[in-house]
Amino acid sequence: MRISDKPVAARLAALGVELRPGVSLQDLTSLGIGGATDLLLIRRYDTLPDVIRELKNESIAYKFLGGGTNVLVADGELPWVMLHLPSAKPGVRVEGNFAYVDAAADLGGTVTFCAKNDLGGMEGLIGVPGSIGGALRMNAGAYGTQIGSYVREVELYRAATGENEILRGEEIRFDYRHTSFGPDDVMLRVKLELPSKPYQEIVAGIKVCNEKRRASQPLNQKSAGCIFKNPPGASAGRMIDDLGLKSFRVGDAMVSDRHANFFVNVGNASCDDMLGLIDEVRGRVKSSFGMDLENEVILWRN
């Protein structure tokens, strides 16, 4: 959707919004897939309710892009504008055992920054790509760690009220790869409480996690991380591997030869290529194991 030639563009600029016309989502997603639309950079969190009211008053559809690491976006001209919080480095402030983190901050960078301040607990998340905001929404986890365990407060734009609000940790439900946030809520900042731990001990834990990832994940290929959630008591990747589907492909979308629950873009895969691969693999797992695999990757279709 293009709004650069509409009167609303000037009103958004007055709210501190930077409009970048015709941005390709291929360049902003880890899968390297996605069509084009106008991108709105929200430089002032306090203006977000007014920005969204302007869009709604003009019946302009929108979506909110975080780090772009867990999303599969449709091709072509997209029917919505994209809202985005520009990242600030480090975007983290530490006071005692509390870390105050901007939602746009890089997750791995946040883990490292906290480690340098002798705050641990999140070593398992060091290699999980994306932003803190995305990690909060999905309750990112790895190697026995999940971010929800450390959340004490979240500042967010609450779609239900149209205002920025602060939720305490006990008001938020954190489940496996799922939270109680509304689908249109926008994460802004989070307060984490982390255990004190010597820096060298944290670094040793990070090293172990990094070695495991390098041995088992296609870190140098375009992917969105795990495509499917693990069913209770089972492993999606193991079932896909048992079916001999590593390196199986539809167009330029391929099941990774390193980790069967990672699907990679090996060339110029389209959204349809990736959806075709997802549907084919899901169908084969259902036929062979009787299990319905649920997407972990978020689909944005036209």
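FYI, it's all coordinate maths here, none of it is from the lab. Owing to the predicted nature of the structure, the values given are computational and were not obtained by experimental measurement. Counting neighbours? That spans all protein chains shown, and the Cβs are built from the backbone with ideal geometry, glycine included.
Using only the Cα atoms of the chain, each taken as one equal point scatterer with no solvent, compute I(q) by the Debye sum, divide by I(0), and report log10 of the ratio at q = 0.10, 0.14 Å⁻¹.
Calculated log10 I(q)/I(0) at the listed q: -0.58, -1.12.
7 Å from Cα along Cα→Cβ at both W80 and R152: what's the point-to-point distance in nm?
That separation, rounded to one decimal, is 3.4 nm.
R43's amide H: which non-local residues (gap 5+, or another chain) put their own amide H closer than 5 Å, with H modeled 1.01 Å from N in plane and none for Pro or chain starts?
Excluding prolines and chain starts, which carry no amide H, the hits are E18.
Taking the Cβ of E294 as the centre, find all other residues whose Cβ is under 12 Å away and add up their charges (Lys, Arg: +1; Asp, Glu: -1).
In short, +2.
Calculated FRET efficiency, D46 and D242, Cβ-Cβ r, R0 51 Å, to nearest 0.05?
0.50
Out of residues 5 or more away from S256 or on other chains, whose amide H comes under 5 Å of its own, with H placed 1.01 Å from N in the peptide plane?
Under 5 Å from the amide H of S256: S247, F262, F263, V264.
For segment 78-178, give the magnitude of the charge dipole about the Cα centre (Cβ charges: +1 Lys/Arg, -1 Asp/Glu; no others), in debye to the nearest 20.
The dipole of segment 78-178 has a size of about 200 debye.
Subtracting the Cα-Cα distance from 0.36 nm times the residue separation, let me have the gained length for I166 to L275 in nm, one decimal.
Full-extension gain reported as 35.6 nm.
Using a Förster radius of 22 Å, what is the FRET efficiency between Y143 and A234 based on their Cβ-Cβ separation? Nearest 0.05, please.
Once the sixth-power term is evaluated, E becomes 0.75.
Under a plain spin-label model, where a point goes 7 Å from the Cα along Cα-to-Cβ, how far apart in nm are S180 and N220?
4.5
What net charge is computed for the residues neighbouring G130, neighbours being all others with C-beta under 11 Å from the C-beta of G130, Lys and Arg scored +1, Asp and Glu -1?
Net charge around G130: 0.
If you average over every viewing direction, what projected area does the convex hull of the Cα atoms of segment 39-78 give, in nm²?
For segment 39-78, the mean projected area of the Cα convex hull comes to 3.6 nm².
So, in the chain, how many Lys pairs have Cα atoms under 18 Å apart, if the pair is 8 or more places apart or on different chains?
So the count of such lysine pairs works out to 11.
Show me, for segment 170-183, the HN-Hα J-couplings you get by feeding each phi into the Karplus relation (A = 6.51, B = -1.76, C = 1.60, θ = phi - 60°), rounded to Hz, glycine and proline as x.
6, 8, 10, 9, 10, 10, 5, 6, 7, 9, 8, 4, x, x
Which cross-chain or sequence-distant (5 or more) residues have an amide H under 5 Å from the amide H of V81, H modelled 1.01 Å from N in plane?
Hits under the 5 Å cutoff: A61, Y62, K63.
Select from segment 157-206 those trypsin sites (Lys or Arg not before Pro) which occupy a DSSP coil region and have at most 11 other Cβ atoms within 10 Å, ordered by residue number.
Here the trypsin sites (Lys or Arg not before Pro) that fit, given the DSSP loop and packing criteria, are R173.
Once you keep just the Cα pairs under 8 angstrom separated by 6 or more residues, what percentage relative contact order results for segment 243-302?
About 23 percent, as a whole number.
Short version: what are the Cα gyration tensor semi-axes of segment 97-186, square root of 5 times each eigenvalue, largest first, in whole Å?
Taking √(5λ) for each Cα gyration eigenvalue gives 22, 14, 12 Å.
Using the basic label-point model (7 angstrom from Cα toward the beta carbon), what is the K212 to S196 distance in nanometres?
2.7
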